């Protein structure tokens, strides 16, 4: 497998039947299916986008064509060592205007139709939608390392538990004790402390160490395992402290559509300077001893006033 390939944890139904013939996706005529297959890269099977000459944009790729008219996307060119995978001729830089015109006439379902997306788009508009489609897979939210796994929420929860060994917790309140020896040696690190099952949804608690300007800081924040429009239905509070001292934060969890790095860089969480955290920890300030507590609640709409009423899970 390509090192940068994304590993999908859900099943995509094949576009081929058991007899080898193309299955017709919902909302797509058999003729359009046949034409669509002409616009499919034979190596990676992604759709190719114009300009369809050896420079056809496909996601971040271009369409390449050999002397015999066989095509593939430019992203796969190095994978086949600049040779056509069909006839072994050297790949050229020939633009295929006829195929571009054919592509312009197509309307195709979103590639996530098998996951529930009902939308149909002109061929060249489809790519933009697919980059933002609510049915597209989620990237693994684990923050301890860059993980290439993607999938739906249930499969990612299983992946976090089994592969990343993340602690799982049922309930909408939490109370963690965080201890770190030699904290001054850690300038940039990230930890996923727990995944919570609350209100039938999943949330990830993160704790990060990084530099904010010249000051080393820690940041705690919560991410929602779902889309942003759903995340806005929830709120959470965090308290970080020890020995009778604490800082308090209240906010809305961020969707895992936003990477943990994006959330960190936006400072959307509880931030405490390392010197203050060590002061809270007491002793000789050589060991970090903090308690991270908090709760999650759901904002309920008041039908009469239009205001939100917190529904706290106990």
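The values are calculated or read from the model by the stated rules, or taken from the named source; none is laboratory data. The model shown is predicted, which means the values in this text are computed figures rather than measured ones. In this analysis, Cβ positions are derived from the backbone assuming ideal geometry, glycine residues included, and neighbour counts consider all displayed protein chains.
Descriptive notes on the structure:
- The criterion of at least 3 residues that are in the same structural domain as residue 239 (by TED's automatic domain parsing) and surrounded by fewer than 17 Cβ atoms within 10 Å (Cβ to Cβ) is met, among strands (runs of 3 or more DSSP E) falling completely within region 86-197, by 167-170, 173-181.
- Figure legend. Inter-residue proximity from region 91-112: first residues within 15 Å of residue 41 (Cα to Cα), second residues in a helix (DSSP H, G or I) and modelled with pLDDT under 75, beta-carbon distance below 6 Å, spacing 6+ or different chains. No pairs are indicated.
- Scan of region 198-217 for residues that are within 21 Å of residue 173 (Cα to Cα), in a strand (DSSP E or B) and touching a residue at least 40 places away in the same chain (Cβ under 8 Å), ordered by number: 198, 202, 203, 204, 205, 206, 207, 208
- Counting residues in region 208-220 that are buried (at least 18 other Cβ atoms within 10 Å of the Cβ), within 23 Å of residue 132 (Cα to Cα) and either modelled with pLDDT of 90 or more or not assigned by TED's automatic domain parsing to the domain that holds residue 286 (or both) gives zero.
- Which listed residue, of 164, 159, is on the phi < 0 side of the Ramachandran plot, in contact (Cβ under 8 Å) with a residue 12 or more places away in the chain and touching a strand residue (DSSP E or B) at 6+ places or on another chain (Cβ under 6 Å): 159
- Verdict on residue 309 being farther than 27 Å from residue 226 by Cα and either at pLDDT below 90 or assigned to a strand (DSSP E or B) (or both): no
- Residue within region 44-63 that is loosely packed, with under 13 Cβ neighbours inside 10 Å, within 22 Å of residue 136 (Cα to Cα) and modelled with pLDDT under 80 present: yes
- Among the residues making up region 248-267, a single one is crowded, with 17+ Cβ neighbours inside 10 Å and over 23 Å from residue 150 (Cβ atoms): 249.
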